[in-house]
Amino acid sequence: MATRYDKIPDWLLERFAAGDLSERQAKETRERLAAQGEEPRLAALAASNAEILAALPPERVVPEIERRAAARARKASRAVPLLGLSAVATCTAGLLAILALRVHHGTVAMPSPAQESIGIRGLAPSLRVHRKTKAGSELLAPRARVRKGDTLQLGYVAAGRRFGVIASIDARGTVTLHLPESPGPAAGLEPNGERALAHAFELDDAPGFERFVFVTGDAPFHTADVAAALTSGPPLSDSLSAFEIILKKETP
Amino acid sequence: MAVDIESLYRSHGPMVLRRCRRLLREEAKAVDAMHDVFVEILRRKDSLRADSPAGLLLTTATHVCLNRLRSAHREPVDQDDELLMQIAGFGGEGDAESRSLARRILDRIFAAEPESTRLISVLHYLDRLTLEEVASEVGMSVSGVRKRLRVLKERLPALKGEA
């Protein structure tokens, strides 16, 4: 094969440096590197490796990877009874929470005057639920009928709010966090436009309904505030707004 | 295969971060995406091949970053970035005037186009791999790769290349 003199793509160089190429590919890459005097690129990769591992050591990165993986697994199994309550208690509490949220903010939350000056005038935060279809996707209206196996993609419009939590609760009282994906501080929101969450998900076989809430605020708050409001805890603080969508579950 | 995530991160983490930096152009987003690449690897540990973990990690990083770019609303920083964002969004249907950007993005997330078409496009148009090299990376024939790129080129006429 004739020697090639074009620059070796970073992709192949990375694989070469990682010892990932076949013997034939590795030989060809070595020859190209030598022919082009590009061996310093390998030294630069080694230096970059050391720099990155010093800045982001495994002791810091690996626990975060494991935390995310565990959160993803919990979400996938849809068995995340965050507060560990019995089914009956959580169902009752869920209904109470619906009332609490509605009494507090209405079904579609409106910003208080103080918030309005920070938010985007004329817009309230909202939650969008899209369902995968053969042709693409469809936006679901409140109380739309859904069924087990439907793939849903959540999106939000922050309308200027800075922090948010998206959670859902089903008729069994199972609370699932969608944003952030694990308990902790509310997520920082992208202020403008509709933003899709990173992952779509498939509905499980929980009967009755699936209720989604999008709680937003201009100051940091915690997912526990939302989980508490969704069950038997105190209602949301006045500084928070809640938007909700309930979807009806069809029984196959 | 069993995955020792710590040793995999030590040996390949910097490579994954460089890939995410290249595609996302923002350090914080690249670091965040890098974590998710390893989460994906843990999730799909059965598909990890002992003989070519770097290839799988680079491929996974590309998919993770393309997914991020699809939901991003930012201006491209240069021509390569603009190209990448077009490829990331590839798969939705036209009529840009009547549909919101966000809606089109969501349609693209759910589009039926094989995910590998985006990977092929990035490898060829952005990473500058030849058709033969791309074919070798994705385990397809050169004619198969050329066909996929032709479909993309028809939809995104701004693309230039030998496909």
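The values are calculated or read from the model by the stated rules, or taken from the named source; none is laboratory data. Remember, predicted model here, so these are calculated numbers, not experimental data. In this analysis, Cβ positions are derived from the backbone assuming ideal geometry, glycine residues included, and neighbour counts consider all displayed protein chains.
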Exercise. Looking only at residues in segment A:120-143 that are within 10 Å of A:Ala159 (Cβ to Cβ) and either touching a Ser or Thr at 6+ places or on another chain (Cβ under 9 Å) or within 14 Å of chain B (Cβ to nearest Cβ) (or both), which one is modelled with the highest pLDDT?
Worked result: A:Ser126
Exercise. For segment A:184-196, what are the residues that are facing chain B (nearest Cβ under 8 Å) and surrounded by fewer than 19 Cβ atoms within 10 Å (Cβ to Cβ)?
Worked result: A:Glu190, A:Asn192, A:Gly193
Exercise. Does at least one position in segment A:180-192 carry a residue that is under 18 Å from the mean Cα position of the chain (by Cα) and among the polar types (S, T, N, Q)?
Worked result: yes
Seminar exercise, completed: In segment A:198-224, anything without any contact (Cβ under 8 Å) to a residue 40 or more places away in the chain and touching a Ser or Thr at 6+ places or on another chain (Cβ under 8 Å) is listed as A:Ala198
Problem set entry | Scan of segment A:43-69 for residues that are part of a helix (DSSP H, G or I), hydrophobic (A, V, I, L, M, F, W, C) and surrounded by 14 or more Cβ atoms within 10 Å (Cβ to Cβ), ordered by number | A:Leu45, A:Ile52, A:Leu53, A:Val61, A:Val62, A:Ile65, A:Ala69
Exercise. Restricting the search to segment B:1-20, which residues are surrounded by fewer than 19 Cβ atoms within 10 Å (Cβ to Cβ) and either closer than 21 Å to A:Gly188 by Cβ or of a type in the set (Asp, Glu) (or both)?
Worked result: B:Asp4, B:Glu6
For this session: Return a yes/no flag: does segment A:165-179 have any residue that is under 11 Å from the mean Cα position of the chain (by Cα) and assigned to a loop (DSSP other than H, G, I, E, B).
Result: no
Problem set entry | Among the candidates B:Ala50, B:Ala61, B:Ala72, B:Ala88, residue that is modelled with pLDDT of 85 or more and either part of a loop (DSSP other than H, G, I, E, B) or within 30 Å of A:Ala135 (Cα to Cα) (or both) | B:Ala61
For this session: Identify the single condition in (1) over 14 Å from the mean Cα position of the chain (by Cα); (2) surrounded by 23 or more Cβ atoms within 10 Å (Cβ to Cβ) that A:Thr223 does not satisfy, given that it satisfies every other one.
Result: (1)
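Each row is one residue, and each column tells you yes or no for (1) surrounded by fewer than 22 Cβ atoms within 10 Å (Cβ to Cβ); (2) on the phi > 0 side of the Ramachandran plot; (3) in contact with an Asp or Glu (Cβ under 8 Å, 6 or more places away or on another chain).
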site	(1), (2), (3)
A:Arg147	yes, no, yes
A:Gly155	no, no, yes
A:Ser182	yes, no, no
A:Ala206	yes, no, yes
